[in-house]
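Notes to accompany the following structure.
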Amino acid sequence: TAMIIYTIKVKEPIASTYDKAQDSFLHWKFAVAPTAVVTLITHLIQHGLAFKPMDFLWLFSIYLESIAILPQLIVLQRYREVENLTGNYVFFMGAYRFLYILNWIYRSYHEPFYQHHFIVYFCGVLQTLLYVDFFYYYIKSKSKGGKFTLPTAH
């Protein structure tokens, strides 16, 4: 993650294509801080006052991953017209999460000692649901063969 951020913000030629004006999502306010609060509450419910740093960090990463696509979806919604490569990338990211859910279902039936983790299930389903609107317009535009545009929120 750190290398990706470094590449986008510092490393050329990619850094010159980064437009800070488009990156207006308040990550700390609407992603990191709420995720930390939910993680702390979940951790306290699971472990009481016995703080387990690795469990806390794992939970935090699972929760944060489930909403990590939001800034990208917001930017795409704002600018409406989606480039082909970007549209394909976001579509296949969502498809990957959907296939992950099918994998969990398959493994739960076919692996005798498969351990269910309902927080992971919840977050995976949440992440996949965030893509549903995008999927609809992606498939609609691909079936018509036209440019991929998203409707405005106005």
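Would you tally the residues in segment 127-141 being loosely packed, with under 14 Cβ neighbours inside 10 Å and not acidic (Asp, Glu)? Break it down into steps so the answer makes sense when it comes.
Our first condition is that a residue be loosely packed, with under 14 Cβ neighbours inside 10 Å; within segment 127-141, this holds for 129, 132-133, 136, 139-140.
With not acidic (Asp, Glu) added as a condition, the list becomes 129, 132, 136, 139-140.
Qualifying residue count, segment 127-141: 5.
Please indicate, with yes or no, whether at least one residue in segment 13-31 is of a type in the set (S, T, N, Q) and at pLDDT 90 or above. No, the conditions are met nowhere in segment 13-31. Taken residue by residue, segment 33-47 has no member that is surrounded by 11 or more Cβ atoms within 10 Å (Cβ to Cβ), assigned to a loop (DSSP other than H, G, I, E, B), touching a helix residue (DSSP H, G or I) at 6+ places or on another chain (Cβ under 9 Å) and not basic (Lys, Arg).
Could you please give the count of residues in segment 1-35 that are touching a residue at least 24 places away in the same chain (Cβ under 8 Å) and over 17 Å from residue 69 (Cα atoms)? Selection size over segment 1-35: 0.
The values are calculated or read from the model by the stated rules, or taken from the named source; none is laboratory data. Quick caveat: nothing in here was measured; it's all calculated off a predicted structure. Using ideal geometry, Cβ is built from the backbone for each residue, glycine included, and neighbour counts are taken over all protein chains shown.
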